[in-house]
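Just below is one structure, and these are the notes that go with it.
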Amino acid sequence: RYKLIVNPESVNELYDLHTDPHELSNRYTHPELAPVRRRLMRRLYDLLRERGDNFYHWMTPMYDIGASDYDPTLSSFEKESAPE
C-alpha cells in the first residue's frame, strides 16, 4: 500500500498508493504516517543487510531504524583512531 523512497542527497518520499496512485502527494513528514515510515525504513534496513548492501551502514546514523541490533562502530563517519 505504501511506497518509501530514501534519497540521502535530497528529500525522502512516502506515498499512499491507495489514495495517491500517481504519487503526487509526498507524505513522508506527515505525523500520522510515522509508524508506517519507521516500519518501512526498518524493512529496507533489514533487506539491505541480508543482501550485503553496505548502504545500511549509512542508514543507521541518518534514519530511525528502530532497535539497535547492529554494530554502531560500522556506521561511523569518523576514522578509527589507532590504539596508543
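Observations, loosely collected:
- Relative contact order %, the range 2-66, counting alpha carbon pairs below 8 Å whose residues are six or more apart: 22 percent
- Cα extents for the range 2-66 along the principal axes, largest to smallest and rounded to whole angstrom: 34, 22, 20.
No value in this document is a laboratory result; all are computed from the given coordinates. Worth saying up front: this structure is predicted, and the values here are computed from it rather than measured.
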